[in-house]
Amino acid sequence: MKTAVITDIHGNLEALRAVLDHARGRGVDDFVCLGDVVGYNADPGACVDVIRALPGARCLLGNHDAMALGSGPLLGINPLAREAMIWTRDRLDDARKAWLSGLPLTCEDADAQYCHASLADPPAWLYVHTEHNAIRHFARQHARVGFVGHSHVMFAWRDDGERLTRTSDRELDLRADGRWLVSVASVGQPRDGDRRTGYALLDRDAGTVTHHRLDYDIAGARSKILAAGLPAGLAERLG
């Protein structure tokens with residue numbers, strides 16, 4: 001069984017379509033979305049619809065999804081994110097907001113645990129960049145492998161029982177001793193120096209997790225941002 005783990009779509013329909021097409025071409029029969037379906041880019045409603053339509057897909061709540069549900073002040077985010085979120089709130093109808101509001105913060109199956117940010121405190125939206133925060137996450141992870149998004153950066157921590165090591169390797173061997181915490185690349189707004197979209201493929205038969213990075217129609221996504229009247233900085237960021 002193969003599971004495609006996707007995260008931080010952020011309303012980028014062009015990137016989402018590229019990821020789903022690639023995963024299906026590799027025989028994926030299971031999809032998990034770690035949240036942040038909306039925010040930043042120009043197709044929040046369409047991205048919600050695509051994820052909702054995936055047969056059997058599991059989707060978690062991300063911090064931008066949570067912000068999109070409210071009408072109160074937006075605190076603790078940068079001006080670009082704030083302007084995009086105000087725009088996004090006005091473009092999600094009640095049915096889409098109701099779907100987002102029903103999303104859980106975590107889920108798990110026989111082999112893995114999934115969370116948008118950190119299992120240490122899911123609604124606090126913590127990052128796992130540092131060893132300290134990775135240790136806090138591992139304290140709540142009982143599965144061999146855990147997946148998180150939120151940072152928009154592709155990397156992984158390995159806990160071998162004695163120490164933690166961080167790697168940016170594209171393929172991880174889950175058959176090695178220890179546990180893994182995998183930070184999955186963002187579908188819609190990568191921030192790790194690679195502008196390509198990405199996702200992680202969990203192959204249970206092979207015992208591997210593979211990070212895939214893919215070209216997509218960046219020009220199309222950028223033109224939509226500008227046509228929608230969103231900040232030009234959001235279009236520039238995709239490049």
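What follows is calculated from the coordinates using simple rules that are stated; it is not laboratory data. What you see is a predicted model, and the numbers here were worked out from it, not measured in a lab. Quick reminder, even Gly has a Cβ in these numbers, built from the backbone with ideal geometry, and neighbours come from all protein chains shown.
Would you mind calculating the relative contact order of the chain from Cα pairs under 8 angstrom and at least 6 residues apart, reporting the percent as a whole number?
That works out to 23 percent.
Work out, step by step, the length gained on full extension between Asp90 and Ala227: first 0.36 nm times the residue separation, then minus their alpha carbon distance; give nm to one decimal.
47.7 nm
Considering only C-alpha atoms, what is the centroid distance from region 1-71 to region 77-139, in Å?
If we compute the Cα centre of each part, the gap is 13 Å.
Test of understanding: in a Gaussian network model of the chain with alpha carbons linked when under 10 Å, which of Trp99, Trp157, Trp180 would top the mean-square fluctuation ranking?
It is Trp99.
Let me have the 222 nm mean residue ellipticity of the chain computed from DSSP H runs of 4+ only, each contributing -39500 (n - 2.57), with the sum over all residues rounded to the nearest 500.
-9000 deg cm²/dmol
Taking the Cα centre as origin and putting +1 on Lys and Arg beta-carbons and -1 on Asp and Glu beta-carbons, what dipole magnitude results for the chain, to the nearest 20 debye?
Magnitude of the dipole: close to 280 debye.
Say each of Arg166 and Asp29 gets a label point 7 Å from the Cα, pointing the same way as Cα to Cβ; how far apart are those two points in nm?
Reported label-point gap for Arg166 and Asp29 is 3.7 nm.
How would you order 223-234, 117-128 from highest to lowest mean count of nearby Cβ atoms within 10 Å?
The most tightly packed comes first, giving 117-128, 223-234.
Of all DSSP beta bridges in region 2-238, what percent run antiparallel (nearest 5)?
Expressed as a percentage, antiparallel bridges in region 2-238 total about 65.
What FRET efficiency, computed as 1/(1 + (r/R0)^6) with R0 = 25 Å and r the Cβ-Cβ distance, is obtained for Asp111 and Ala57, rounded to the nearest 0.05?
0.90
Hey, can you rank 79-90, 105-116 by average C-beta count inside 10 Å, highest first?
Those peptides, ordered most packed to least, come out 105-116, 79-90.
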